[in-house]
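K.L.:
Supplied in structure tokens, the structure appears directly below.
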Amino acid sequence: MIRIDSVTKRYPDGTVAVDRLSLDIPDRSITVLVGPSGCGKTTTLRMINRMVEPTEGTILLDGEDIRRQPVTALRRSMGYVIQNAGLFPHRTIVDNIATVPRMLGWGRRRARERAAELMERVGLDTSLAQRYPYQLSGGQQQRVGVARALAADPPVLLMDEPFSAVDPVVRKGLQDELLRIQEELGKTIVFVTHDIDEAVKLGTMVAVLRRGGRLAQYAPPAELLSAPADGFVEDFLGADRGIRRLSFFPSAALELTTDAVIPADAPAERIAASDARYLLVTDSDGRPLGWTEPGEPAAGGIRTDRLLPHGRPFVPGADSLRVALDCAVLSPTGWAVAVDDDGRVTGVVSQQTIAEAIRAAHAQGRTGKTEVAR
Amino acid sequence: MNVLDFAHAFFSDGAHWHGYDGIPQRLLEHVRYTLLALALAALIGLPVGLLTGHTGRGGNALAFIANAARALPSFGLLVLVVLLIGFGLLPVMIPLVVLAVPPILVTTYEAVRSVDPSPVDAARGMGMHESRILLQVELPVALPLILSGLRSAAIQIVSTATIAAYVSLGGLGRYIIDGLYQRDYEKVVGGATLVAVLALLTLAVFWAAGRFAVSPGVRRR
């Protein structure tokens with residue numbers, strides 16, 4: 001565990017970057033430091049590997065003051081990823097990744113084998129090994145940055161706004177990749193960002209800092225969204241925190257109905273007999289084709305070319321209530337389509353039913369049984 | 001007779017290709033002076049430029065010294081040094097080194113300062129020692145600019161080393177000074193041509209050094 005104990009950073013000109021900050025960073029989880037610019041989040045991160053020395057207070061790593069070991073040894077035990085990746089332009093990708101192992105005295109061959117292994121781990125094609133950084137895209141460079149930080153298998157990973165310089169699509173990919181890697185490796189990650197969505201998505205714990213380097217709130221993301229400590233945190237979370245909080249509620253318990261689901265070749269009587277306002281038509285495999293209104297089909301059955309689009313379906317269990325609600329909101333009929341992993345319809349659910357599930361989940365959340373599922 | 005005729009007459013005369021006053025001998029002397037002066041200047045300019053560039057301290061003092069040194073006329077300095085310590089190789093080396101240090105020093109300083117701070121920050125954050133950061137990150141990235149400083153220093157030395165002949169030393173300046181004294185314009189033109197050719201050769205050597213020493217990742221091709 002990393003314990004930040006009442007740490008202050010005051011610069012000679014009197015500016016206070018971090019003000020009596022105390023934080024316990026748990027092992028094998030992602031702790032996100034988030035806040036507006038000038039809140040001291042990067043300074044805090046850089047104090048952990050002593051790129052910045054605190055004016056007051058101590059930082060303990062597994063109970064020991066980080067100043068008790070040589071600064072280079074400390075840094076080599078912590079991977080470090082920065083905003084623009086900071087790759088060495090004169091070295092090939094494989095040599096960039098092998099930097100720390102080489103510094104630790106590994107043989108060239110072993111270090112390169114390790115580098116190739118890491119390229120695969122972070123989702124880079126090993127054919128890029130002999131390229132130079134300028135030949136890679138921003139997203140690829142950042143993957144190399146992560147691979148380089150992981151090369152010597154350090155227990156701690158410090159990440160300073162690593163994904164903020166890439167476009168949103170690439171950023172989402174990198175975030176998903178980080179969560180996947182973390183699932184496999186279980187590092188103690190300290191992650192700095194100014195993007196609250198990124199914090200909520202990645203963090204096991206999120207520390208919200210305010211200007212002047214003071215801690216506003218330190219909590220798991222679901223708790224942050226449901227119970228912001230004060231007006232500052234609430235503002236920082238943004239206007240749609242209620243909606244975002246739904247990401248933490250599973251959709252598995254939603255009551256689905258199959259009354260309004262009919263195969264495309266259903267007999268006309270069955271369609272006429274339905275009292276649903278809309279019917280979801282499926283193909284012979286059970287995959288959704290679109291919505292139709294009962295009563296409409298004339299002789300010859302349902303005209304599958306005249307259906308309303310069914311919109312994006314959700315997968316109960318895998319997707320959150322937020323996704324289910326989004327599907328219902330975007331659906332032309334106001335009903336969300338639920339499918340199984342193979343894309344076969346398992347039922348449909350109305351906005352009303354989802355709203356009830358949200359209320360139930362909130363009630364459960366208040367009794368402290370928030371289930372985290374993303 | 002025009003300049004080309006003089007040059008042709010000089011180079012086609014077989015006598016100019018042999019002996020202690022022959023072209024190979026004078027060229028060799030000139031190259032020796034150049035290499036020695038460049039080595040001495042690099043020995044001073046490179047470490048000081050690298051260190052001040054790495055720490056970022058002393059930049060203003062450096063610019064002041066470099067500009068002061070640039071203001072010194074090489075020939076005047078040569079005469080002064082000879083008056084002070086007499087004839088020999090040393091009084092020739094002093095003005096040449098004074099001439100060559102500023103471009104090496106200032107360019108090296110600027111080159112290291114202008115290295116992208118991200119890789120340096122990353123290197124420091126991964127526990128690299130400061131000396132390694134300088135030699136294995138900043139130096140290779142700054143190398144193209146550093147080489148350009150060395151190149152302009154070398155070119156200036158090549159053209160200025162002719163003054164060695166004023167204090168009874170050899171080199172290509174011998175032809176120019178003796179030629180002027182003897183009103184032998186073939187010699188003057190021949191000597192000047194050789195200096196120009198040597199300067200071009202120097203350019204070629206630095207171009208090749210750049211191809212060889214600068215990483216393709218920095219050259220970006």
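The values are calculated or read from the model by the stated rules, or taken from the named source; none is laboratory data. Everything quoted here is computed from the prediction, not taken from an experiment. Using ideal geometry, Cβ is built from the backbone for each residue, glycine included, and neighbour counts are taken over all protein chains shown. SASA here: full protein model, heavy atoms, side chains in, ligands and nucleic acids out. Shrake-Rupley method; radii C 1.70, N 1.55, O 1.52, S 1.80 Å.
K.L.:
Kindly indicate the residue of the stretch B:82-99 that is crowded, with 21+ Cβ neighbours inside 10 Å and closer than 22 Å to residue B:148 by Cα and also farthest from the chain's Cα centre (by Cα) among those meeting that condition.
P.N.:
B:95
K.L.:
Continuing with this model, one more query. Considering only residues that are open to solvent by 40 Å² or more (accessible area, probe 1.4 Å), more than 17 Å from residue A:277 (Cβ to Cβ) and in contact with a Pro (Cβ under 9 Å, 6 or more places away or on another chain), which ones fall in the stretch A:319-339?
P.N.:
The answer is A:319, and nothing else.
K.L.:
Just name the residue that is farthest from the chain's Cα centre (by Cα) out of those in the stretch B:139-162 that are open to solvent by less than 10 Å² (accessible area, probe 1.4 Å) and within 14 Å of another protein chain (Cβ to nearest Cβ).
P.N.:
Among those that are open to solvent by less than 10 Å² (accessible area, probe 1.4 Å) and within 14 Å of another protein chain (Cβ to nearest Cβ), it is B:142.
K.L.:
Can you tell me how many residues within the stretch B:184-218 are open to solvent by 60 Å² or more (accessible area, probe 1.4 Å) and within 14 Å of chain A (Cβ to nearest Cβ)?
P.N.:
1
K.L.:
Something else now. Conditions: (1) without any contact (Cβ under 8 Å) to a residue 24 or more places away in the chain; (2) within 9 Å of chain A (Cβ to nearest Cβ). Residue B:131 meets all but one. Number of the miss?
P.N.:
Failed condition: (2).
K.L.:
Sticking with this one: Sort through A:69, A:83 and tell me the only one that's of a type outside the set (A, V, I, L, M), under 20 Å from residue A:187 (Cβ atoms) and within 30 Å of the chain's Cα centre (by Cα).
P.N.:
A:83
K.L.:
Which number in (1) within 14 Å of chain A (Cβ to nearest Cβ); (2) surrounded by fewer than 20 Cβ atoms within 10 Å (Cβ to Cβ) marks the one condition that residue B:169 misses?
P.N.:
Tallying (1) within 14 Å of chain A (Cβ to nearest Cβ); (2) surrounded by fewer than 20 Cβ atoms within 10 Å (Cβ to Cβ), residue B:169 fails exactly one: (1).
K.L.:
How many residues are touching a residue at least 24 places away in the same chain (Cβ under 8 Å), of a type in the set (A, V, I, L, M) and over 12 Å from residue B:150 (Cβ atoms) when one looks only at the stretch B:204-221?
P.N.:
2
K.L.:
Within the stretch A:227-250, is there a residue that is without any contact (Cβ under 8 Å) to a residue 24 or more places away in the chain and open to solvent by less than 20 Å² (accessible area, probe 1.4 Å)?
P.N.:
Checking the stretch A:227-250: not a single residue is without any contact (Cβ under 8 Å) to a residue 24 or more places away in the chain and open to solvent by less than 20 Å² (accessible area, probe 1.4 Å).
K.L.:
Right, another one. Considering only the stretch A:96-113, state which residues are surrounded by fewer than 17 Cβ atoms within 10 Å (Cβ to Cβ), in a loop (DSSP other than H, G, I, E, B) and either among the small types (Gly, Ala, Ser) or under 31 Å from the mean Cα position of the chain (by Cα) (or both).
P.N.:
A:105, A:107
K.L.:
Go over the candidates A:153, A:176 one by one and state the one that is assigned to a loop (DSSP other than H, G, I, E, B), charged (D, E, K, R) and open to solvent by 40 Å² or more (accessible area, probe 1.4 Å).
P.N.:
Of the residues listed, the single one that is assigned to a loop (DSSP other than H, G, I, E, B), charged (D, E, K, R) and open to solvent by 40 Å² or more (accessible area, probe 1.4 Å) is A:153.
K.L.:
Follow-up. So which of B:115, B:79 ends up being buried (at least 17 other Cβ atoms within 10 Å of the Cβ) and either within 14 Å of chain A (Cβ to nearest Cβ) or under 21 Å from the mean Cα position of the chain (by Cα) (or both)?
P.N.:
After applying the criteria, what remains is B:115.
K.L.:
Now, a different point. Out of the residues in the stretch A:120-150 that are away from every other protein chain (no Cβ under 14 Å) and among the basic types (Lys, Arg), which is most open to solvent (accessible area, probe 1.4 Å)?
P.N.:
Step by step, filter the stretch A:120-150, then rank; the result is A:121.
K.L.:
So, one more: Read through the list (1) modelled with pLDDT of 90 or more; (2) out of contact with any strand residue (DSSP E or B) (no Cβ under 9 Å at 6 or more places or on another chain); (3) open to solvent by less than 70 Å² (accessible area, probe 1.4 Å), then give the number of the only condition that residue A:342 fails.
P.N.:
Tallying (1) modelled with pLDDT of 90 or more; (2) out of contact with any strand residue (DSSP E or B) (no Cβ under 9 Å at 6 or more places or on another chain); (3) open to solvent by less than 70 Å² (accessible area, probe 1.4 Å), residue A:342 fails exactly one: (3).
Yes/no matrix, rows are residues, columns are (1) modelled with pLDDT of 95 or more; (2) among the basic types (Lys, Arg); (3) touching a His at 6+ places or on another chain (Cβ under 7 Å):
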residue	(1), (2), (3)
A:87	yes, no, no
A:91	yes, yes, no
A:99	yes, no, no
A:114	yes, yes, no
A:119	yes, no, no
A:123	no, no, no
A:129	yes, no, no
A:133	yes, no, no
A:136	yes, no, no
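K.L.:
Quick check on my filter: what residues within the stretch A:189-222 are touching a residue at least 24 places away in the same chain (Cβ under 8 Å), open to solvent by 10 Å² or more (accessible area, probe 1.4 Å) and more than 16 Å from the chain's Cα centre (by Cα)?
P.N.:
A:210, A:211, A:212, A:214, A:215, A:216, A:218
K.L.:
Could you tell me whether the stretch B:100-110 includes any residue that is more than 8 Å from chain A (Cβ to nearest Cβ), surrounded by fewer than 19 Cβ atoms within 10 Å (Cβ to Cβ) and farther than 21 Å from residue A:91 by Cα?
P.N.:
Yes, that holds for at least one residue.
K.L.:
Now a separate question. Please tell me if residue A:99 is at the interface with chain B (Cβ under 8 Å from one of its Cβ atoms) and either under 25 Å from residue A:11 (Cβ atoms) or of a type in the set (Val, Ile, Thr) (or both).
P.N.:
Yes: the conditions hold for residue A:99.
K.L.:
Does residue A:290 satisfy the condition of being modelled with pLDDT under 90 and either surrounded by 14 or more Cβ atoms within 10 Å (Cβ to Cβ) or over 23 Å from residue A:254 (Cβ atoms) (or both)?
P.N.:
No, not satisfied.
K.L.:
Taking the stretch A:280-295 as the search range and keeping residues that are on the phi < 0 side of the Ramachandran plot and part of a strand (DSSP E or B), which one is farthest from the chain's Cα centre (by Cα)?
P.N.:
Once the filter is applied, the top-ranked residue is A:292.
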